[in-house]
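Everything on this sheet refers to the single structure shown next.
The values are calculated or read from the model by the stated rules, or taken from the named source; none is laboratory data. Values in this document were obtained by computation on a predicted structure and should not be read as measured data. Don't worry about glycine lacking a Cβ; one is built from the backbone with ideal geometry, like all the others, and counts go over all protein chains shown. Surface accessibility is based on the protein's heavy atoms, side chains included, excluding ligands, DNA and RNA. Shrake-Rupley method; radii C 1.70, N 1.55, O 1.52, S 1.80 Å.
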Amino acid sequence: EKENGEEVESTPNLAKIRRIYLTPSLPIYRPPELDITNRVVRHVNKPQYFLRVNFVNESLEQQQNVGDNMCSYYKEIINRGLRIEKWHFIFLAFSNSQLRGSACWFFRETQEWPIQQLYDWMGDFTKEKNLAKYASRMGLAFSTTYQATTIPEECIRRLPDIERKGTVTDMNGQEVTTTFCFSDGVGTISKSLMEKSVNILGEKYASALQCRFAGCKGVFSVDPRLEGDIIGIRPSQTKFSSNHLAIELIDCSRSVSYTHLTLPTICSV
């Protein structure tokens, strides 16, 4: 497939994405590299509109101890964007892992795909008043995932968190009452829906899935009592409101494989 003379190669979960390494002296342009996609890239379905930007030093390693001059340089790029030939890429967002690695996403805005339309499609983040948490919640849509299957609204169960009251000792040695959440970040999924989802990872069965679903993150464990294609989400998993009802897998549990024991391990048994 070609668009404006530009070759486009992609699959639902893999796409060729451009990358730029921004050093203090000059940008280093890389050809498109095959990479696992995320929710937003799959929605637009035009990987050539996206650009990965890495802020690095001259050795192409993560930038450390950034001074005022470099902060101004990076701020200017984020504010005005990057131009590659006739295309103008503007700052879009970053995933949580990209933030730790000094990287982010830029996007080629068009009349068909205005950037505000993407933000609105991602979900409702207006409940977050803290700027850092707002960016972190938005970054969940950019987690690297494999889209497995989409389910209707009626297959979703809203479950309460499992909470119990208890006491802890504070810094002054005083016992205070608090609430413990024993289901923090853990939902449930039926066996049939798990089997339909885990195929995308080349597995036949798993007892737990790490995934993104709508505005939820965390782990979903198999509940054998659930019949049909059912997924149960808890308040502790829900980070923002979203209508995106596709199960997007990060990883799954696997059976323990045989390993070779080391001498210290054998002696300690």
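Summary of computed values
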item: Qualifying residues in the range 10-29 (those that are assigned to a loop (DSSP other than H, G, I, E, B) and open to solvent by 50 Å² or more (accessible area, probe 1.4 Å)) - the one nearest to R83 (Cα to Cα); result: L26
item: Strands (runs of 3 or more DSSP E) (entirely within the range 190-254) containing at least 2 residues that are open to solvent by 40 Å² or more (accessible area, probe 1.4 Å) and not hydroxyl-bearing (S, T, Y); result: 216-222, 246-252
item: Neighbours by Cβ (under 7 Å, 6+ apart or cross-chain): first from the range 106-133, over 16 Å from F94 (Cβ atoms) and touching a residue at least 40 places away in the same chain (Cβ under 8 Å); second aliphatic (A, V, I, L, M) and outside any loop (DSSP other than H, G, I, E, B); result: W113/V44
item: Output for the range 210-247, where each listed residue is more than 14 Å from T150 (Cα to Cα) and polar (S, T, N, Q); result: Q210, S221, S236, Q237, T238, S241
item: Pairs where the first residue, in the range 84-105, is closer than 13 Å to F55 by Cβ and the second is open to solvent by 50 Å² or more (accessible area, probe 1.4 Å) and in a helix (DSSP H, G or I), C-beta under 7 Å, 6+ apart; result: F91/I78
item: Which listed residue, of F91, F142, F125, is among the aromatic types (F, W, Y), under 25 Å from L60 (Cβ atoms), modelled with pLDDT of 90 or more and more than 15 Å from the chain's Cα centre (by Cα); result: F91
item: Test: residue in the range 70-77 that is among the β-branched types (V, I, T), farther than 27 Å from I250 by Cα and surrounded by fewer than 16 Cβ atoms within 10 Å (Cβ to Cβ); result: no
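Rundown of residues vs (1) over 19 Å from I77 (Cα atoms); (2) of a type outside the set (D, E, K, R); (3) touching a helix residue (DSSP H, G or I) at 6+ places or on another chain (Cβ under 7 Å); (4) surrounded by fewer than 17 Cβ atoms within 10 Å (Cβ to Cβ), yes/no style:
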residue: E109; (1), (2), (3), (4): no, no, yes, no
residue: L118; (1), (2), (3), (4): yes, yes, yes, no
residue: F125; (1), (2), (3), (4): yes, yes, yes, no
residue: N130; (1), (2), (3), (4): yes, yes, no, yes
residue: A135; (1), (2), (3), (4): no, yes, no, yes
